[in-house]
Amino acid sequence: MGVYHFAGQDIRTDLRTWYAQLTGAQILAFGLTLGKIVVVVVLAVVTFRAIRWGSALLEAFILNYLPRSVFAAPRRTDARLAQPQPEHQVNYEATVRRLVLHRRGVSR
């Protein structure tokens, strides 16, 4: 606003002049356009939520008809997953060293 005022203009006067030149048809057209934008946004939100809900429902419906695996993965709520697995040893130092070398572009 400082630059506008420094150039010799007064924003209050210019806005009053602009508002005085507006016609009822222009204000109505602006209101209708704004209303259309609001309707489009609301419809987009409702559509995306319906797609999200419908895809979850469809996935649950289709999973009932797919064959179940003999060796199904354990559920995440399984208590065995919370306990450490003794047969699975991880050498964290070697893993970190390999990742750092990989990021630097050095391969063994």
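Hey, does segment 83-90 have a residue that's modelled with pLDDT of 80 or more, over 33 Å from the mean Cα position of the chain (by Cα), assigned to a loop (DSSP other than H, G, I, E, B) and aliphatic (A, V, I, L, M)?
No; the residues of segment 83-90 include none that is modelled with pLDDT of 80 or more, over 33 Å from the mean Cα position of the chain (by Cα), assigned to a loop (DSSP other than H, G, I, E, B) and aliphatic (A, V, I, L, M).
Those residues that are surrounded by 10 or more Cβ atoms within 10 Å (Cβ to Cβ) and assigned to a helix (DSSP H, G or I), I need them from segment 1-16; list them, please.
Residues satisfying the conditions are 4, 5, 11, 14, 15, 16.
The values are calculated or read from the model by the stated rules, or taken from the named source; none is laboratory data. Here the structure is a predicted model, which is why all the values come from computation and not from measurement. Every residue, glycine among them, receives a Cβ derived from its backbone with ideal geometry; neighbour counts consider all protein chains shown.
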